[in-house]
Amino acid sequence: MAKFYVTTPIYYVNDVPHIGHSYTTTTADALARWHRLVGDEVMFLTGTDEHGLKVQRSAEENGLTPQQQADNTSKRFSQTWTALSIEPDQFIRTTEPRHHEAVGKLLSKIKENGYIEKGSYAGNYCVGCEAYYTDADLVEGNCPIHERPVEWLEEDNYFFKLSAFEDRLREWINSGAIRPAGKASEALGIVELGLDDVSITRTSIDWGVQVPWDEDHVFYVWYDALINYVTAIGYGQDSPEFADWWANSHHLIGKDILRFHCVYWPAMLMAAGLEPPKHVDVHGFLLLGGKKLSKSGLTQIHPEDLIGEFGIDGFRYHFLRDVSFGPDSDFSYEQMVERYNTDLANTLGNLLSRVITVVGKKCNGVAPGSQADSPLAELAEKTVNIAAEAWNSTAPSVALDATWHLIRETNAYLGESEPWKMEEGSAEVSAVLGTALEVLRLAAILASPALVNTAPQIWQAIGLEGSPTDNVLDLDYKWGQYQGGAQLTAIEPLFPRIKPQA
RNA sequence: GGCGACGUAGCUCAGUUGGUAAGAGUGCUCGACUCAUAAUCGAGAGGUCGUGGGUUCAAGUCCCACCGUCGCUACCA
């Protein structure tokens, strides 16, 4: 049994969940479900990033402690994931004691290995960004992001010797760990420009993980946050499973944090004597009318607003099917409606309805089993192969597209065969309907990572026990496993068509 | 300025290492059907593959230039 460890970024608790977070997390959840479906042992991790000056300050503004501030927002994330049927195996919080312990151990290890040294840093500091800026970065003396004045800060810092890892990073990047390839070349570009050592601690704040060898310092929030990925699987706890999970690690990230995940993080791991991640899968931004959805932007769309209209599965299906993993993608309400009506209502939902009705009229309601020979057998077997390959390369849209191609072909097959015109109880009518039912059975399985709630409903509507995920999917799928014999009864439309709001 | 990405039917996008007469879905037009969620099926219209050069027997697919959009440019979640 193979292991599969998939992570999302941990989300900063100053930000409430929006569809950008949901996209990444839904994709990770679907990947986790696919791997479970094919029999892998899966660990799916998400969580929240809770340290840093911004949390400290907004807590003060709200009259809360930083921990209370973090608790409140962290809860909103976990509630949102529950609302979307996202089921992580772990929800990690960087304020957990086990994380502080892991951070201390990993960075101490790096220090022992000679890659952390003391230095000092002074510069223009923007509180909003929690970052230093050079004079050239400033716009009229203000932070270029927040357009507010910066503060001059000078502090003793510990520095990570990032510069020592240029060659090894180049080698790792060239090994194909970063996908898609275009993002790997972006990471390579960063390395090729030359890497300076980076400051990884702060003395100016105390809301963070304390540096074990110098209690005046806390780690800069990024260097604490990244370590969550190894905390969760037992780094520093002598966990016998740590090495196995880590050897199969897959980070899903947005392109905005590529530098940290594709350069700094692997270098930190190397410095600590660990392997870099097996894969980093980088996706683009969701755009709204061609503009970037940013947390400081006004265009915040919350998942809760959409699931009321599209349902959990409608929401998940849209993001998994319509967004090609990698490039930027335009989000629009109209497209979401169109996708829902076309694929879910017209193609899949309607196929289920018409098949059940014809079984009722021509087979006395008793479902015929699928037969060995069917014009759709070859396509169905090919579809499983395409889907498997697509999920393996983190391309949910390709997997679902292939699955829906099969469903569309089944609608066309019914149109040609016209079973409703055939003689009741005849061999022909059984053959045609048996084919359609086998496709529905298979489609329920293949769509289950996206349609987590409706796939089991399809399964039961065609008279099967349990749910499509009860058994491991054999990737060497052979046509003709639908048994038949069940009494089918009409159901309410699975995906009622949506009339777009004006 | 430097580096990089992208620009394929109205829309959203596929197009492996260059090679059968450019694809899919959707939308549109026409027709069919009426088992079905005003659904379904068929046919059709629709593209100088950003522009201009070049390499090649052959380029959407490689090279150069240009135009347009966007990202990164050293600690920007």
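The values are calculated or read from the model by the stated rules, or taken from the named source; none is laboratory data. Keep in mind the model is a prediction, meaning the values are calculated, not measured. Here Cβ is always computed from backbone atoms with ideal geometry, including for glycine, and neighbour counts include all displayed protein chains. These accessible areas exclude ligands, DNA and RNA; they are computed on the full protein's heavy atoms, side chains included. Shrake-Rupley method; radii C 1.70, N 1.55, O 1.52, S 1.80 Å.
Structural remarks
- Cβ crowding within 10 Å averaged over residues, with A:413-419, A:453-459 ranked highest first: A:453-459, A:413-419
- Under 13 Å, Cβ to Cβ, from A:S467 - net charge with Lys/Arg +1 and Asp/Glu -1: +1
- DSSP-defined beta bridges in chain A - what % are antiparallel, rounded to 5: 50
- Listed residue pairs exceeding 23 Å between alpha carbons, taken from A:K109/A:K278; A:K255/A:K278; A:K382/A:K421; A:K75/A:K499; A:K3/A:K278: A:K382/A:K421; A:K75/A:K499
- In region A:1-74 the Cα-Cα distances spread across 10 Å bins starting at 0 as 20, 36, 24, 15, 5, 0 percent of all pairs.
- Atom-type composition of the exposed protein surface of region A:3-283 places 45 percent of the accessible area on carbon and sulfur (1.4 angstrom probe).
- Taking the helices alone, chain A has a mean residue ellipticity at 222 nm of -13000 deg cm²/dmol, built from -39,500 (n - 2.57) per DSSP H run of at least 4 residues and averaged over all its residues.
- Positive-end residue, region A:3-283 charge dipole about Cα centroid, Cβ charges, pick of A:N124, A:T65, A:L37: A:L37
- Relative contact order computed over chain A (Cα-Cα under 8 Å; 6+ residues apart), in percent: 16
- Angstrom value of the Kirkwood radius, inverse mean 1/r, which spans all Cα pairs in region A:3-283: 19.5
- Debye intensity ratio I(q)/I(0), log10, chain A, q values 0.06, 0.11, 0.12 Å⁻¹ (C-alpha model): -0.34, -0.95, -1.08
- Probing with 1.4 Å while keeping every protein chain in the model, the per residue accessible area of chain A equals 42 Å².
- Relative contact order, percent, region A:172-317 [alpha-carbon distance under 8 Å, six or more residues apart]: 21
- Percent carbon-and-sulfur accessible area, region A:352-471, ignoring ligands, DNA and RNA, probe 1.4 Å: 46
- Extension gain (nm, one decimal) between A:E389 and A:N62, 0.36 nm per residue minus Cα-Cα: 112.8 nm
- Antiparallel bridge percentage (DSSP; both residues within region A:3-283; nearest 5): 50
- Under 5 Å from the amide H of A:I178 lie the amide H atoms of A:V280, each residue being 5 or more positions distant or on a separate chain, with H modelled from the backbone and absent for Pro and chain starts.
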